[in-house]
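**Q** Got a structure for you, written out below as structure tokens; questions coming shortly.
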Amino acid sequence: MRAPFLIRELRFAWLLREDVRMGAPIDDPEAQKDFQAWWLLHAPCDFPAAAARVRPEDLPHVGDIIRPAPPGEAFEFTRLMEVTWRQRTDARAQHPPDTPAGTAGFIRWFFVHGVPEHDLFRHLPAQHVRRLNARAWAEAAPGQAAGQAVGEAPVSLLQLYTWQMDPALQAEFPLHTPSGRARFLGWYYCEGVRTLKHGGYLELDPPAWLAGQHPAIPGLSRLAVLAWLWACPGCGMEALSDPRQIDAAARWFREEAVERYRLGQLLAGGRSPQASPVPAAGRAPSGPLPSGVNIVGFAKGELGIGEDSRMAAASLERAGVPFAVVNVRTGPNTRQEDCALDAHLREEAPYGVNLFCLTGLDTARVWLEKGADLFSGRLNIGYWPWELPEWPAVWSEAYELVDEIWVSSRYTQQAFQKSSPVPVVLMPMAVTVDRLRRLPRSAFGLPEGAFLFLYVFDFNSYLARKNPWAALRAFRKAFPAGSEPVRLVLKVMNTSPDDPRWLAFCAEASQDARILHIGGTMDRGDVLGLFAACDAYVSPHRSEGFGRTLAEAMLLGKPVVATGYSGNEDFLTAETGYPVGGRLVPVGRGEYPFGEGLYWAEPDIDQLAANMRDMVENPARASRLAENGRRLMELRHNPAAVGAAYRARLEYLLARR
């Protein structure tokens with residue numbers, strides 16, 4: 001679906017921001033127009049590279065007039081003003097929209113603070129700019145007729161708004177006097193423009209009169225006079241009747257004030273626009289790039305998909321393929337301290353092939369954050385995991401970012417092949433336990449002499465998909481007496497302590513003292529040490545793109561019982577472990593991004609329990625299956641074999657370019 005009022009940058013951002021998606025449907029034309037205004041407020045921080053390349057003409061509806069000017073005010077409400085009022089809760093709290101005073105206060109806040117804070121200058125309607133720069137009216141002083149013109153020092157409406165919003169300015173610079181007006185303008189151009197970031201206004205409508213010679217004081221520009229009157233509060237215009245004082249003021253202005261107050265651009269008629277910096281990784285290549293691979297992914301992230309980047313690096317290294325790593329930061333809830341690839345990290349992408357070890361959604365986020373130039377002139381391969389049977393139609397544009405998709409399982413390959421216009425190539429991932437740190441059970445607070453089932457999952461990987469409830473229920477069904485020498489160890493990270501789903505799960509788990517919980521993020525070696533310290537691995541997931549934790553347990557020689565569905569079907573069979581049957585069920589609303597209308601598997605709890613019990617009661621069979629699984633992992637998923645497949649495919653692709 002291509003929203004008619006949104007360009008690709010905004011369509012991607014809409015889909016990536018769940019908080020925005022839940023606010024309104026993307027097929028609502030008014031919501032699309034509002035989102036153009038949302039983009040201006042948030043994109044410079046969230047998606048800097050994309051924000052820099054979006055032009056005002058790409059956002060034609062932010063200046064739409066959506067309601068007339070309130071009584072006594074000079075400005076109609078534009079869509080941008082309305083959305084800013086909704087988004088900036090601080091401004092709304094200070095200027096409540098349900099009162100005339102609040103409305104008037106917001107209009108002043110918007111132009112004085114909101115526009116410069118969000119760099120909205122280029123998106124103001126031309127008529128608003130003209131009104132802001134028009135000569136304003138000072139508040140009448142005692143004995144002065146209301147509406148009397150400010151006088152020869154032209155205070156603009158924008159400047160008047162600035163004065164009205166700051167009691168300190170009102171006290172220091174009485175606008176009903178010529179001296180007060182002149183000194184206020186001196187403050188505004190010397191200090192206010194810089195501290196309030198109003199340079200964009202001067203660029204839109206340069207105050208050329210400032211650089212001109214003052215009509216009453218030869219040798220000084222109007223700006224020099226205003227600056228001098230402000231900087232020398234004890235001096236007045238009469239002091240400038242002395243030629244020596246004029247010379248001193250001119251010298252002070254030229255030798256000190258221009259540099260101190262950064263007045264050079266103002267004297268030149270406005271400020272020069274500053275080009276937005278392009279992130280290093282987003283710089284387009286200036287010529288042919290050397291042969292090699294840029295791994296773009298969560299290289300420092302301590303999560304499963306971060307291990308995809310690290311395993312891709314290990315495989316390329318074994319195959320002798322030059323590579324560099326461009327790290328992508330994960331969300332704030334994930335620890336990012338894995339240093340395995342630090343020696344290969346680069347700010348720029350030096351090679352001619354990009355391998356995005358990210359989801360398709362995160363590849364789009366990289367395109368927004370780092371810039372389209374990262375993709376330009378390179379062969380782009382999306383090494384994309386996906387955990388549902390189809391790629392969502394609303395994300396079909398993500399295919400346009402890559403030339404080819406690599407997948408780690410036949411399940412994921414079939415999911416993408418249903419809609420992908422680019423080749424989808426099965427490319428199993430490497431699995432290693434080289435960083436294993438063997439630790440005693442006591443290091444984890446685990447009992448000796450008990451058979452330990454382990455399940456490792458990340459709360460960020462969607463609790464409904466990981467389905468830990470099934471592990472609890474199968475465990476209790478398998479060992480109902482409560483006295484059996486068994487334990488279920490749940491290692492989980494990135495939990496949300498106030499999430500009702502997590503609280504409900506913890507409440508259920510606490511009903512059985514044999515169910516042990518280990519929280520927090522561990523170093524990679526310690527996590528593998530926990531695998532090694534336990535006796536078996538259980539995974540009642542509803543779907544997996546690959547199933548790395550299952551594969552790691554198998555490589556460590558542990559028997560694995562898991563749902564026999566999705567990515568792990570490639571390696572977990574009746575000859576290598578305990579696949580559990582089940583039935584397909586719809587993905588519930590909110591259980592997985594863009595999962596509505598799709599399905600995954602609900603494992604058979606009775607069969608899962610029977611297999612867990614069989615592991616304990618028939619250790620010889622469990623050992624034989626575990627050894628078969630270990631051999632399969634060593635043969636098919638070792639970095640040398642995987643790296644050889646990478647190299648062969650890369651050579652084929654590059655030969656065709």
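Computed from the coordinates by the stated procedures, all read-outs in this text should not be read as laboratory data. These numbers were taken from a predicted model, which means no experiment stands behind them. In this analysis, Cβ positions are derived from the backbone assuming ideal geometry, glycine residues included, and neighbour counts consider all displayed protein chains.
**Q** Using alpha carbon centroids, what distance separates the stretch 406-431 and the stretch 73-114, in Å?
**A** What the calculation gives is 50 Å, centre to centre.
**Q** Do you know the relative contact order of the chain, to the nearest whole percent, from alpha carbon pairs under 8 angstrom that are 6+ apart?
**A** Values: 1112 pairs, mean separation 63.2, N = 657.
Here the relative contact order equals 10 percent.
**Q** Considering only the other residues whose Cβ falls under 14 Å of the Cβ of GLU302, what net charge follows from Lys and Arg at +1 and Asp and Glu at -1?
**A** Details: positive: LYS300, ARG310, ARG329, ARG335, ARG435, LYS491, ARG524, ARG548; negative: GLU307, ASP308, GLU337, ASP338, ASP342, ASP458, ASP523, ASP526.
So the surrounding residues net to 0.
**Q** List the residues whose amide H sits under 5 Å from the amide H of VAL425, counting only those 5 or more places along or on another chain, with H placed 1.01 Å from N in the peptide plane.
**A** Residues meeting the amide H criterion: ILE405, TRP406, VAL407.
**Q** List every residue whose amide H lies under 5 Å from the amide H of TRP600, counting only residues 5 or more places away in sequence or on a different chain, with H placed 1.01 Å from N in the peptide plane.
**A** Those lying under 5 Å, H to H, from TRP600 are VAL585, VAL587.
**Q** Same structure, new question: For the stretch 176-191, what does the Karplus curve 6.51 cos²θ - 1.76 cosθ + 1.60, with θ = phi - 60°, yield as ³J(HN,Hα) per residue in whole Hz, taken in order and with x for Gly and Pro?
**A** In residue order, the calculated couplings are 7, 10, x, 5, x, 5, 5, 5, 5, 5, x, 4, 4, 6, 8, 10 Hz.
**Q** Something else: Distance between Cα centroids, the stretch 192-267 to the stretch 535-578: provide it in whole Å.
**A** 75 Å
**Q** How big is the dipole moment of the stretch 441-637 about its Cα centre under a simple scheme where the beta carbon of each Lys and Arg is +1, that of each Asp and Glu is -1, and everything else is neutral? Debye, nearest 20, please. Walk me through the numbers on the way to the answer.
**A** Numbers: 22 positive and 24 negative charges, 30 e Å.
Its charge dipole is roughly 140 debye.
**Q** Another question about this same structure. About the Cα centre of the chain, what is the dipole size in debye to 20, counting +1 per Lys and Arg Cβ and -1 per Asp and Glu Cβ, all else neutral? Spell out each step's value before the answer.
**A** Working: 70 positive and 75 negative charges, 156 e Å.
Dipole about the Cα centre, nearest 20: 740 debye.
**Q** What whole-number distance in Å separates the alpha-carbon centres of the stretch 300-350 and the stretch 592-657?
**A** Each part reduced to its Cα centre gives a spacing of 22 Å.
**Q** Here is a follow-up. Taking H as built 1.01 Å from N, whose amide H comes closer than 5 Å to the amide H of ILE518, not counting residues under 5 places away?
**A** LEU490, LYS491, VAL492
**Q** Mind giving me the FRET efficiency for LEU653 and ASP434? R0 is 30 Å, r the Cβ-Cβ distance, nearest 0.05 is fine.
**A** Values: r = 29 Å, r/R0 = 0.96.
After rounding to 0.05, the efficiency reads 0.55.
**Q** Estimate the FRET efficiency between HIS42 and ALA74 by the formula 1/(1 + (r/R0)^6), using the beta-carbon distance for r and 35 Å for R0, to the nearest 0.05. Display every interim value, and only then the final one.
**A** Working: r = 28 Å, r/R0 = 0.80.
E between HIS42 and ALA74, to the nearest 0.05, is 0.80.
**Q** Isolated Cys in the chain by the 4.7 Å beta carbon test?
**A** CYS45, CYS190, CYS339, CYS357, CYS506, CYS534 - these cysteines have no disulfide-compatible partner (Cβ-Cβ under 4.7 Å) in the chain.
**Q** Just need the relative contact order of the stretch 441-637 here, percent rounded to a whole number, with Cα pairs under 8 Å and 6+ apart.
**A** So the answer I get is 23 percent.
**Q** Kindly write out, for the stretch 5-22 in residue order, the coupling ³J(HN,Hα) from the Karplus curve 6.51 cos²θ - 1.76 cosθ + 1.60 (θ = phi - 60°), rounded to whole Hz, with x marking Gly and Pro.
**A** 9, 10, 7, 4, 4, 6, 5, 4, 4, 4, 5, 6, 9, 4, 5, 6, 4, 6
**Q** Under a plain spin-label model, where a point goes 7 Å from the Cα along Cα-to-Cβ, how far apart in nm are GLN417 and SER291?
**A** Taking the simple label geometry, GLN417 and SER291 are separated by 3.0 nm.
**Q** If we count every other residue with Cβ under 10 angstrom of GLU9's Cβ, Lys/Arg +1 and Asp/Glu -1, where does the sum land?
**A** Working: positive: ARG8, ARG11, ARG53; negative: ASP58.
Net local charge, GLU9 excluded: +2.
**Q** Report relative contact order for the stretch 1-71 in percent, whole number only (criteria: Cα-Cα under 8 Å, sequence separation at least 6). Mind showing how you got there, number by number?
**A** Values: 41 pairs, mean separation 22.5, N = 71.
Relative contact order here is 32 percent.
**Q** Oh, and also: Say each of ALA134 and GLU602 gets a label point 7 Å from the Cα, pointing the same way as Cα to Cβ; how far apart are those two points in nm?
**A** Calculated label separation equals 6.7 nm.
**Q** At a Förster radius of 60 Å, what calculated FRET efficiency corresponds to the Cβ-Cβ distance of GLU348 and ALA239, to the nearest 0.05? Could the numbers behind the result be given before it?
**A** Numbers: r = 58 Å, r/R0 = 0.96.
Using R0 = 60 Å, I get an efficiency of 0.55.
**Q** In the chain, what is the volume of the convex hull around the alpha carbon atoms, normalised per residue and reported in Å³?
**A** Roughly 196 Å³ of hull volume per residue.
**Q** Right, here's the next one. What are the ³J(HN,Hα) values, in whole Hz, obtained from phi via the Karplus relation 6.51 cos²θ - 1.76 cosθ + 1.60 with θ = phi - 60°, for each residue of the stretch 156-170 in sequence order, with x given for Gly and Pro?
**A** 7, 4, 4, 5, 5, 4, 4, 5, 5, 8, 10, x, 5, 5, 4
**Q** Quick check: pseudo-label points 7 Å beyond the Cα along Cα→Cβ at GLU172 and VAL425, how many nm apart are they?
**A** For the pair GLU172/VAL425, the computed spacing is 6.6 nm.
**Q** What size of dipole, in debye to the nearest 20, comes out for the stretch 370-501 about its Cα centre when the only charges are +1 on Lys and Arg C-beta atoms and -1 on Asp and Glu C-beta atoms?
**A** Values: 16 positive and 13 negative charges, 159 e Å.
Its charge dipole is roughly 760 debye.
**Q** Can you tally the net charge around GLY597? Count Lys and Arg as +1, Asp and Glu as -1, for every other residue whose Cβ sits under 14 Å from the Cβ of GLY597. The partial results should precede the final answer.
**A** On the way: positive: LYS418, ARG589; negative: GLU390, GLU591, GLU596.
Around GLY597, the charge tally is -1.
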